[in-house]
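Following: one structure in structure tokens, then a few remarks.
Each value in this text was obtained by applying a stated rule to the coordinates, not by laboratory testing. It should be emphasised that the depicted structure is a prediction, and the values quoted were computed from it without experimental measurement. So basically every Cβ, Gly included, is an ideal-geometry build from the backbone, and we count neighbours across all protein chains shown.
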Amino acid sequence: MPRPSPLDDSQTARFAWKRWRRLMAFMVVATVATLIAAFAYFHSLGEPVSIHFYIAVGLGITLMMMLTGALMGLVFLSNGTGHDDVVGED
């Protein structure tokens, strides 16, 4: 019978999810900074650009960065709590 996951303990899980939310908050800040830099760069080119271009760039950057942050955060959560070690014993 496999050992229970460390994430089954409520305090360990609470701590791990708090770290994950803190990582996601950092990713929101990093995403906003990246969007500002990208929009400033495109505006500085002086070329006439459609609003649809800015919407597409904004959505693309936001979705890519937030999805990447969420998935990497889950990898860190799983590894940092020892959940990977328990699953790997089977």
Tilt, helix 51-80 to longest principal axis of the chain (alpha-carbon atoms), in degrees rounded to tens, equals 20
Going fewest to most other Cβ atoms within 10 Å around each Cβ, Leu45, Leu74 line up as Leu45, Leu74
P(r) over all Cα-Cα pairs of the chain, 10 Å bins from 0 to the longest distance, whole percent per bin, short to long, reads 15, 33, 22, 16, 10, 4, 0
Given unit charges at Cβ for Lys, Arg (+) and Asp, Glu (-), the dipole magnitude of the chain about its Cα centre in debye, nearest 20, is 400
